[in-house]
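Report on one structure; see the data block that follows.
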Amino acid sequence: MTKTISEIKEISSQALMTGAPSTAVLKPSEEKGIRFHFNGKTVTASVDNVVSTEHCTVIGDKDVQIMLIEHFMAACAICGIDAIDVELSHFELPILDGGSKKWIELMGGAHKSDAAYTISEPVSYLNGKTHLVVLPADELRITYGVNFNHPELNHRWVSFDGTNIDKIAEARTFGYLKELEMLQAAGYARGVSIENTVGLTEDGYTTELLSSFEPAKHKILDLIGDFYLTGFNPLNLKAEIIVKEAGHAVHVKTAKILKDKIR
C-alpha cells in the first residue's frame, strides 16, 4: 500500500547551488515512486539514476538532470511518502530552510510506517579514512563521524536512534565560510544565506545552531535521503549503520550494494 500527500502543495525559494528562483509543485499519486518533472521530462528517484555526487546528489540522464534531491528525499522518508510527483520550475529543488523541516511540514508531518526491512548480510564500503558499514540489528541506529577542521567538529560523532528525528530534520546544510567566495566564482553556492546554511568559521559559526553539532547531524539527514534512493525507506530498516568521514558519493556507492540485500 502506497502513501502519498493529501492534496497539491506548492513552495518556492532560491536554489542553493545556482541561486535561481525555484518552485516545486507536489502532487498526490496512486502510483508508487518519487518522480521529478522538469521541462517536459521525468526522472524517477533511484540510485540507478544518480549522475553526480560532486556537491550534492543529482539524478537524471542525458536529457535532464535534477539537482539537490537529498533533503526532499529525506523528508519523504520521514513522512513515509513513497508515491508523489514533483513538478519543478528549475532543475534544482528549492533549498527552503537548508534541511528537511519545511518539506516535512508541507507534506503533512512525520509518519512512522509499520513496514520493516532487514538485510540478508552485512554491507560495507571502506576506502582509506572513509567507512560505511550496515549491519543487521533489532532496530535502526545511525552513528556518523565527521572530522572537520573546526574545534567542535573534529573527530565528532553524532547518532540517530529514532527519538531525535526532529533535530536531524531541521539540521541545515553547511560549509566553510572561507571557501564560499571560491565556490561562488565556480558557479556553486550562489543561493547560500544565513537562513539556509551554517557557515563554519575558524572557531565558530556564522549563525546560532539549532542544536548541538548541527552540521554533523545534517550528514545523517543526507544519508537518509541518499539511502531512500534504494527504493526502501531507510527509517524502516532494522540495521546498525556506522559512517565515518563520508559524503554523497560514498552514500550512493553503498546504497547501490545495499538495495540488493534488503528484504
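The values are calculated or read from the model by the stated rules, or taken from the named source; none is laboratory data. Remember, predicted model here, so these are calculated numbers, not experimental data. As a convention, Cβ positions derive from the backbone with ideal geometry for all residues, glycine included, and neighbour counts pool all protein chains shown. Quick note on the areas: whole protein, heavy atoms, side chains included, nothing else; ligands and nucleic acids left out. Shrake-Rupley method; radii C 1.70, N 1.55, O 1.52, S 1.80 Å.
The table below lists the values:
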{"item": "Filter result for the condition that a residue is surrounded by fewer than 23 Cβ atoms within 10 Å (Cβ to Cβ) and in a helix (DSSP H, G or I), over 48, 97, 85", "result": "48"}
{"item": "Some residue of segment 24-44 being hydrophobic (A, V, I, L, M, F, W, C) and not in a strand (DSSP E or B)", "result": "no"}
{"item": "Residue within segment 162-176 that is modelled with pLDDT under 95, small (Gly, Ala, Ser) and within 30 Å of residue 32 (Cβ to Cβ) present", "result": "yes"}
{"item": "Flag for residue 1 being in a loop (DSSP other than H, G, I, E, B), among the aliphatic types (A, V, I, L, M) and surrounded by fewer than 20 Cβ atoms within 10 Å (Cβ to Cβ)", "result": "yes"}
{"item": "Leading residue by the ranking (least open to solvent (accessible area, probe 1.4 Å)) among those in segment 6-22 that are among the hydrophobic types (A, V, I, L, M, F, W, C) and more than 19 Å from the chain's Cα centre (by Cα)", "result": "20"}
{"item": "Any hit, segment 245-260, residues being free of Cβ contacts under 8 Å to residues at least 24 places away in the same chain, part of a loop (DSSP other than H, G, I, E, B), open to solvent by 10 Å² or more (accessible area, probe 1.4 Å) and under 12 Å from residue 123 (Cα atoms)", "result": "yes"}
{"item": "Given (1) farther than 22 Å from residue 255 by Cα; (2) without any contact (Cβ under 8 Å) to a residue 40 or more places away in the chain, number of the condition residue 43 does not satisfy", "result": "(1)"}
{"item": "All positions within segment 61-72 that are open to solvent by less than 40 Å² (accessible area, probe 1.4 Å), out of contact with any Ser or Thr (no Cβ under 7 Å at 6 or more places or on another chain) and over 14 Å from residue 90 (Cα atoms)", "result": "72"}
{"item": "Selection count where residues are assigned to a strand (DSSP E or B) and open to solvent by 60 Å² or more (accessible area, probe 1.4 Å), scope segment 105-120", "result": "0"}
{"item": "Filter result for the condition that a residue is acidic (Asp, Glu), touching a strand residue (DSSP E or B) at 6+ places or on another chain (Cβ under 6 Å) and without any contact (Cβ under 8 Å) to a residue 60 or more places away in the chain, over 85, 61, 114", "result": "85"}
{"item": "Residue within segment 162-175 that is closer than 30 Å to residue 12 by Cβ and in contact with a Phe, Trp or Tyr (Cβ under 8 Å, 6 or more places away or on another chain) present", "result": "yes"}
{"item": "Selection from segment 231-250 of residues that are over 19 Å from residue 78 (Cα atoms) and basic (Lys, Arg)", "result": "244"}
{"item": "Wholly enclosed helices (runs of 4 or more DSSP H) of segment 121-237 bearing at least 3 residues surrounded by fewer than 18 Cβ atoms within 10 Å (Cβ to Cβ) and free of Cβ contacts under 8 Å to residues at least 12 places away in the same chain", "result": "180-185"}
{"item": "Of residues in segment 94-128 being closer than 16 Å to residue 221 by Cα and hydrophobic (A, V, I, L, M, F, W, C), the one farthest from the chain's Cα centre (by Cα)", "result": "110"}
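Here's the yes/no breakdown for (1) more than 12 Å from the chain's Cα centre (by Cα); (2) under 13 Å from residue 33 (Cβ atoms); (3) not aliphatic (A, V, I, L, M); (4) not in a strand (DSSP E or B):
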{"residue": "56", "(1), (2), (3), (4)": "no, no, yes, yes"}
{"residue": "62", "(1), (2), (3), (4)": "yes, no, yes, yes"}
{"residue": "66", "(1), (2), (3), (4)": "yes, no, no, no"}
{"residue": "72", "(1), (2), (3), (4)": "no, no, yes, yes"}
{"residue": "81", "(1), (2), (3), (4)": "yes, yes, no, yes"}
